[in-house]
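Quick notes on the structure that follows.
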2 protein chains.
Amino acid sequence: MSLQKPALDPQNVEPRSRSSYPEPYRSRVLPRETRALGEALGLTRIGVNLVRVLAGKQSSMRHWHTHEDEFLYVLEGELVLRTQAGEQQLTAGMCAGFAAGSTDAHHLINRSERPASFLVVSNRDPEDSAHYPDPDVDLVWSPPHARKRMTRRDGTPC
Amino acid sequence: MSLQKPALDPQNVEPRSRSSYPEPYRSRVLPRETRALGEALGLTRIGVNLVRVLAGKQSSMRHWHTHEDEFLYVLEGELVLRTQAGEQQLTAGMCAGFAAGSTDAHHLINRSERPASFLVVSNRDPEDSAHYPDPDVDLVWSPPHARKRMTRRDGTPC
């Protein structure tokens, strides 16, 4: 018998392959499979997503959050965590965490030949913005006065 | 080479076996192994714990939170989720979620003969209180004017 809420089998949540990134960043993350577990369970104070990153793809562009803690837990496969300090290989059972306001930008890269999955959890804060410090990534997520929108660093829409 | 923060191998976090419950509830949850992953990673807006529940033990008494969303993800073994609606068996890869203020109290019971592990994540809210509706559990966690303290339902200290 299938699980009833408040329990959930993630495989029963329809995966999405969406990104708010414009090109050329969009193609670096899509296609992907994101299952919005927190949303499916009616949660609003934390966001919980199960993300399957295909071979050669990235979880996101390297970024940090102003008002949201972020926690990642690898469930399957191999992912390279890239931060200011360099790269580390994460395998199933390993995790990482980034405090709100810490400017150590991060992302995950799947350099293996098979998909890799991770859980990602954050608090949800309407004041949050994400910054992308890499010189080749001209993006800001939801800067002041551009709520829930992606812009260039100078504030112009993507 | 071992991982450097912001990455972390949970096995390098010292497990704790603590509970704020008085007896007879305390013995229903201890001994256990709780690894405070969020704390180890410097997170303050979300709490993240990896909990190993021994055979015959429970994750907690059945409870619900006033101001904190709670998300559980089973990593290993078998755990029975008990809520108002009854019981459901959760195995590795299954999850459950409880929105802040939802009065559907819950806990996990390990009725198997081996340990079971789960990740539990919440937002952190200083206004939060936990209520324990089962008739045989006379506890309130952090009711108004008793911050970060366990009391009986009538407000007297445990």
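Values quoted throughout were computed directly from the atomic coordinates according to the rules given, and no laboratory measurement underlies them. Bear in mind that the values here come from a model prediction, so they are computed numbers and not experimental data. Glycine gets a Cβ as well: all are built from the backbone with ideal geometry, and neighbour counts include every protein chain shown.
Between A:E14 and A:A55, residue separation times 0.36 nm minus the direct Cα-Cα distance comes to 12.7 nm. Would you look at the GNM of chain A, springs on alpha carbons closer than 10 Å, and say which of A:T83, A:T34, A:T44 moves the most? Comparing A:T83, A:T34, A:T44 in the GNM, the peak value goes to A:T44. Using a Gaussian network model of chain A in which every pair of alpha carbons under 10 angstrom is joined by a spring, one finds that among A:H145, A:H131, A:H107 the greatest mean-square fluctuation is at A:H145. Among A:K57/B:K148; A:K57/A:K148; A:K148/B:K148; A:K57/B:K57, which pairs are too far apart, with a Cα-Cα distance over 32 Å? Table pairs above 32 Å Cα-Cα are A:K57/B:K148; A:K148/B:K148; A:K57/B:K57. Label-point separation (nm) for B:E39 and A:K148, each offset 7 Å from Cα along Cα-to-Cβ? Output for this residue pair reads 3.6 nm. For chain B, the Cβ-based charge dipole about the Cα centre amounts to some 440 debye (Lys, Arg positive; Asp, Glu negative; other atoms uncharged). Per residue of peptide B:29-39, the mean number of Cβ atoms on other chains within 10 Å of the residue Cβ is 1. Along the axis of the charge dipole computed for region B:44-158 (Cβ charges of +1 for Lys and Arg, -1 for Asp and Glu, origin at the Cα centre), the listed residues B:V53, B:Q84, B:H67 are led at the positive end by B:V53. Summing charges over all other residues whose Cβ lies under 14 Å from the Cβ of A:P143, with Lys and Arg as +1 and Asp and Glu as -1, gives +1.
Over region A:1-152, what relative contact order in percent results from Cα pairs under 8 Å that are six or more residues apart? Don't skip to the end; give the middle numbers.
Working: 349 pairs, mean separation 35.5, N = 152.
Dividing the mean separation by the residue count of region A:1-152 yields 23 percent.
Note down the Stokes-Einstein diffusion coefficient of region A:97-158 in µm²/s, whole number, using a Kirkwood radius over alpha carbon pairs, 4 °C, and 1.567 mPa s. Once the numbers are plugged in, D ends up at 94 µm²/s. Give me log10 I(q)/I(0) at q = 0.17, 0.18 Å⁻¹ for region A:8-158, Debye formula, one equal scatterer per alpha-carbon, no solvent. Log-scaled intensity ratios, in q order: -1.04, -1.18. Only helices enter the 222 nm calculation for chain A: every DSSP H run of n ≥ 4 contributes -39,500 (n - 2.57), and dividing by all residues gives -500 deg cm²/dmol, rounded to 500.
Kirkwood hydrodynamic radius for the protein assembly as shown: how many Å is it when counted over pairs of different Cα atoms? Please report the intermediate quantities before stating the final value.
Numbers: mean 1/r = 0.0488 Å⁻¹.
Computed over Cα pairs of the protein assembly as shown, the Kirkwood hydrodynamic radius comes out at 20.5 Å.
With each label modelled as a point 7 angstrom along the Cα→C-beta vector, the B:E87-A:D138 pair spans 6.2 nm.
Region A:37-109 and region B:52-70 have Cα centres spaced 25 Å apart. The alpha-carbon of A:K5 sits under 17 angstrom from the alpha-carbons of these aspartates and glutamates, leaving out residues fewer than 8 places away in its chain: A:E14, A:E39, B:D69, B:E70, B:E87, B:D104. Counting only other chain Cβ atoms within 10 Å of each residue's Cβ, the peptide B:44-52 averages 5. Measuring from centroid to centroid over Cα atoms, what is the spacing of region B:119-158 and region B:20-36 in Å? First find each Cα centre; the distance between them is then 15 Å.
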